[in-house]
Each structure stands twice: as C-alpha cells, then as structure tokens.
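Notes to accompany the following structure.
The values are calculated or read from the model by the stated rules, or taken from the named source; none is laboratory data. Since the structure is predicted, the reported quantities are computational estimates derived from the model, not experimental observations. FYI the Cβ positions are ideal-geometry reconstructions off the backbone, even for glycines, and counts take in every protein chain you see.
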Amino acid sequence: MRFAFIIILFFTTVFVHAQTDSVIIKERVAELENALITKNVQDIQKLLYDNVSFGHSNGWVQSRDEVINDCRSGKLVYQKIERSNFYVAATGKDWATVRYSGVAEGLNDGKEFKVALHVLQVWVKNKSGKWQLAARQATKLPEQPK
C-alpha cells in the first residue's frame with residue numbers, strides 16, 4: 001500500500017510540475033510577442049536562447065543577434081501578432097514545444113505584410129532555470145476563400 005501511495009505521489013508531482021511549466025511557457029510566448037511588437041530589446045535578449053534558430057515562413061532564418069539587430073534598426077517591425085489554437089504540445093524536464101496558428105502584421109524593409117501562419121516553437125530551460133526560445137519555425141497557411 002505504501003509503495004502505491006509513493007507511485008501516485010510521484011506521478012501527481014510530475015503532473016503538477018508539467019502544468020506549472022506549461023503556464024510559464026505560455027506566459028513567455030506572450031512576453032516575447034509583446035517584446036517584438038514594442039521593440040523591447042532587453043526582454044528579447046532574455047527570452048531568446050543564445051543559439052536560437054528563428055525561422056520565418058518565407059524561408060528566412062535568423063540568429064539571436066539578427067533578430068535583435070533587425071528589431072533595433074526597424075528592418076522588421078511587428079505591429080500585431082494574434083494567436084489561435086495555441087497549446088503546449090509536449091514538455092520534458094528542460095524543454096517544451098509550442099504550436100499555434102495566427103496572424104502577424106507589420107513591416108519588412110518598409111513593406112507592409114500580413115500573413116496567416118502556423119508556428120512551432122521549441123523552448124528550453126537555461127542553466128539558471130529560465131525558459132528561453134531555442135527554435136521557431138513558421139509556415140504560411142493557405143489563403144481562405146472569401
């Protein structure tokens with residue numbers, strides 16, 4: 001009986017921990033989007049993993065420095081990011097994957113864009129236990145008939 005109680009306690013602890021991480025990761029996703037829209041470079045630096053691979057739907061892949069530099073220079077300006085179908089797809093001890101659909105609007109080299117996307121993100125815990133984006137890949141969703 002005692003063994004069964006220990007097993008149940010273990011799985012309950014793991015489940016609660018995973019739920020807590022999921023909530024934190026959802027908050028980090030929102031923080032990163034807000035930082036990109038407001039051009040808050042300090043928050044972007046905190047939220048991006050040093051070796052992040054930030055993939056866009058047009059095939060463009062950026063490093064951490066490129067994301068930050070393009071934010072500072074205004075090369076890429078996010079004006080609006082809306083998410084739907086958002087969920088934490090999987091979690092491990094120090095990693096998680098996020099999936100969502102959404103619409104991003106802004107300017108790329110001064111040209112307006114509005115694109116419907118499906119996004120996959122991989123988040124990792126850094127050495128100090130903070131969640132950071134390690135990889136992102138977006139794909140364009142097919143245009144819906146009007």
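If you go through the stretch 42-67 and keep only what is assigned to a helix (DSSP H, G or I), more than 17 Å from G110 (Cα to Cα) and among the hydrophobic types (A, V, I, L, M, F, W, C), you end up with I44, L47. Exactly one residue out of G106, G110, G129 is at pLDDT 95 or above, small (G, A, S) and over 16 Å from the mean Cα position of the chain (by Cα), and it is G106. Against the criterion of being part of a strand (DSSP E or B) and crowded, with 16+ Cβ neighbours inside 10 Å, A35 does not qualify.
For the stretch 42-61, a tally of residues being surrounded by fewer than 15 Cβ atoms within 10 Å (Cβ to Cβ) and either within 21 Å of N85 (Cβ to Cβ) or among the hydrophobic types (A, V, I, L, M, F, W, C) (or both) returns 2. Annotation note: Cβ proximity below 9 Å between a residue of the stretch 43-68 that is free of Cβ contacts under 8 Å to residues at least 12 places away in the same chain and polar (S, T, N, Q) and a residue that is part of a helix (DSSP H, G or I) and surrounded by 15 or more Cβ atoms within 10 Å (Cβ to Cβ) (sequence gap 6+ or interchain) occurs for Q62/D70.
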